[in-house]
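Below is one structure, written out as structure tokens; comments come after it.
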Amino acid sequence: MHTLAPAAILALTALPALAADPVFCSARIEGKEVALAYDPDEAKALAASRRERIATRLGRDECPSYVVLRALTPNLDDAERAPFCLRREDDDVLGIDLGRRDAWGACSAPSRSVCERVNAAKGAAGAITAAARGAAGGMERLPDGSGAVILSGTGGAISSALTAMGGAAATVAASPVLLTGAAASVVAVGGTVYACRNAD
């Protein structure tokens, strides 16, 4: 999975107009301590669970899960992030996965896959979404308001389906994530494409 430099992640999570002084926090992502920042007023509304809201009020230096998820999916808004959860092992965030979140934003029933942004071609997400409207085999549109479309199957089957769509979608078919042949998913949401496969 592509690793973001700590300074880049901090910049990605900087809010354009903070209502209050930013709160700095840390998260362990792929084995590295990363510094992030967030608006404490916003955290009161967006912390996903009572546990996270209490932790935020107590001034813990660990980042709320929504802050980490924002850092890992900078091209999405909060609604578009709805299908994703944090894949954690102990205190380490290994990346994002598809699924429901627990009280700490981690995957409540992890599929042990890791999703990676593969949106190399402009328009790929739109092409996949348009194909889903045509009821292409193996695709589903999530009913959670995120607008996400998921194409699931083996890497080979997904590559074939994307190639058949042509254009921008076909370029996603060459993603290394899909070339393993193992079970995988491609998620098109918010103009961005993610490929998810079982982690090594």
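What number goes with the only condition from (1) at pLDDT 85 or above; (2) of a type in the set (G, A, S); (3) surrounded by 17 or more Cβ atoms within 10 Å (Cβ to Cβ) that G126 does not pass?
Result: G126 passes all but (3).
In the range 151-185, which residues are exposed (fewer than 14 other Cβ atoms within 10 Å of the Cβ) and under 19 Å from the mean Cα position of the chain (by Cα)?
Across the range 151-185, the qualifying residue is only P176.
Are there helices (runs of 4 or more DSSP H) fully within the range 1-99 with at least 3 residues that are in contact with a Lys or Arg (Cβ under 9 Å, 6 or more places away or on another chain) and either closer than 20 Å to A109 by Cα or at pLDDT 85 or above (or both)? List them. First the steps, then the outcome.
Details: elements: 6-13, 40-46, 50-57, 65-72.
Passing ranges, in order: 65-72.
The values are calculated or read from the model by the stated rules, or taken from the named source; none is laboratory data. A quick note: this is a predicted structure, and the numbers were derived from the prediction, not measured. Quick reminder, even Gly has a Cβ in these numbers, built from the backbone with ideal geometry, and neighbours come from all protein chains shown.
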